[in-house]
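What follows is one structure encoded as structure tokens, with my remarks underneath.
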Amino acid sequence: MTGMAPAQQTTAAPPANVLELKDVTVRYGTRTVLDASLSVAPGQKVALVGPSGAGKSTVLGLSNGSVTPSTGTVTTLGTELGAATRRQLRAVRAGIGTVHQRLDLVGPLSAIHNVNAGHLGRWGLWKSLASLVRPLEGDVALAAMARLGIEELAPTRTERLSGGEQQRVALARIIVQDPALVLADEPISSLDPQRARVVMDLLAAVVADGDRSLLVSLHDFDIARSVCDRVIGLRQGHVVFDLPAGEVTDAHRDELYRLPA
Ligand SMILES: Nc1ncnc2c1ncn2[C@@H]1O[C@H](COP(=O)(O)OP(=O)(O)OP(=O)(O)O)[C@@H](O)[C@H]1O
């Protein structure tokens with residue numbers, strides 16, 4: 001006996017996926033609209049593509065718990081949503097940043113107030129109300145706005161801003177919220193191609209800056225494969241392919257969007 005302690009285990013376990021859908025089905029009545037398994041690794045940017053009705057929004061809804069699976073499990077930020085307490089669900093939702101085509105900004109409030117709303121998941125009611133009168137931690141919000149080149153718009157009423165500027169306000173709000181996972185449901189579908197590209201590049205930069213993960217549904221196949229690390233093709237609720245963006249070809253696109261004969 002040497003009396004030596006056993007060797008320490010030094011190899012760290014790989015970090016768990018930030019999102020995991022395992023054997024998930026979603027049924028409405030007798031109709032199964034999703035039957036899929038997929039995952040998003042930490043720091044990964046994943047695009048969901050596929051024709052209308054393929055199940056992209058359903059996957060995003062499952063990921064934040066707003067859609068309940070009929071069978072299977074959804075684990076988001078380490079919490080299995082079906083088994084979570086309300087408190088755990090609140091914590092998961094505070095860790096998710098959401099970007100919609102509809103930006104959920106409050107038009108009559110100044111841009112900085114809207115950016116500051118990124119804090120709300122962490123702040124209690126009184127701090128949130130006080131901040132409506134005078135933005136608290138305004139320096140954090142201003143820094144986020146500066147990152148997106150809209151610092152000088154801080155005092156402007158949000159409804160006076162252009163669509164592109166409002167998109168930047170919504171992205172600055174994500175920076176302030178500092179979520180581990182960003183879910184974006186067709187964030188660029190109302191924009192012209194140039195603006196769509198700029199907004200997607202900004203979204204990707206915001207995600208990469210904070211080492212966050214992204215799951216984004218997109219109709220633009222080319223933007224999906226150029227901005228994201230991985231592309232998942234969904235069709236009629238099934239995963240048709242799940243590939244590194246560099247391996248996705250025009251043939252995958254054509255097959256995915258092929259109209260039924
Ligand atoms: N609450 C619901 N009740 C019944 N059917 C639903 C419900 N929500 C979604 N569906 C159906 O589920 C299928 C998938 O819808 P989903 O919105 O996920 O598709 P999508 O790929 O996001 O489509 P799009 O690109 O048009 O937004 C569709 O056929 C839709 O009609």
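The values are calculated or read from the model by the stated rules, or taken from the named source; none is laboratory data. Since this is a predicted model, take the numbers as computed values, not measurements. All Cβ positions, glycine included, derive from the backbone under ideal geometry; neighbour counts span all protein chains shown. All accessible areas refer to the heavy atoms of the entire protein, side chains included, with ligands and DNA or RNA removed. Shrake-Rupley method; radii C 1.70, N 1.55, O 1.52, S 1.80 Å.
Data for the structure
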| quantity | calculated |
| --- | --- |
| The lone exception for Leu183 - which of (1) open to solvent by 10 Å² or more (accessible area, probe 1.4 Å); (2) in contact with a Ser or Thr (Cβ under 8 Å, 6 or more places away or on another chain) it fails | (1) |
| Residues that are modelled with pLDDT of 95 or more, touching a Ser or Thr at 6+ places or on another chain (Cβ under 8 Å) and under 15 Å from Ala184 (Cα atoms), drawn from region 219-251 | none |
| Pair list, Cβ < 6 Å and 6+ apart or interchain, from region 159-179 residues that are farther than 22 Å from Gly95 by Cα to residues that are open to solvent by 20 Å² or more (accessible area, probe 1.4 Å) and basic (Lys, Arg) | Gly164/Arg195 |
| Output for region 74-110, where each listed residue is farther than 30 Å from Ser162 by Cα and among the β-branched types (Val, Ile, Thr) | Val74, Thr75, Thr76, Thr79, Thr85, Val92 |
| Leading residue by the ranking (surrounded by the fewest Cβ atoms within 10 Å (Cβ to Cβ)) among those in region 190-208 that are in contact (Cβ under 8 Å) with a residue 60 or more places away in the chain and assigned to a helix (DSSP H, G or I) | Ala208 |
| Residue tally, condition in a loop (DSSP other than H, G, I, E, B), more than 19 Å from the chain's Cα centre (by Cα) and of a type in the set (A, V, I, L, M, F, W, C), over region 142-189 | 3 |
| Leu136 vs. criteria within 15 Å of the chain's Cα centre (by Cα) and either in a loop (DSSP other than H, G, I, E, B) or modelled with pLDDT of 95 or more (or both) | no |
| Some residue of region 206-215 being within 13 Å of the chain's Cα centre (by Cα), within 13 Å of the ligand (Cβ to nearest atom), within 23 Å of Pro244 (Cβ to Cβ) and modelled with pLDDT of 90 or more | yes |
| Condition broken by Val231, with the remaining ones in (1) open to solvent by less than 10 Å² (accessible area, probe 1.4 Å); (2) part of a helix (DSSP H, G or I) satisfied | (2) |
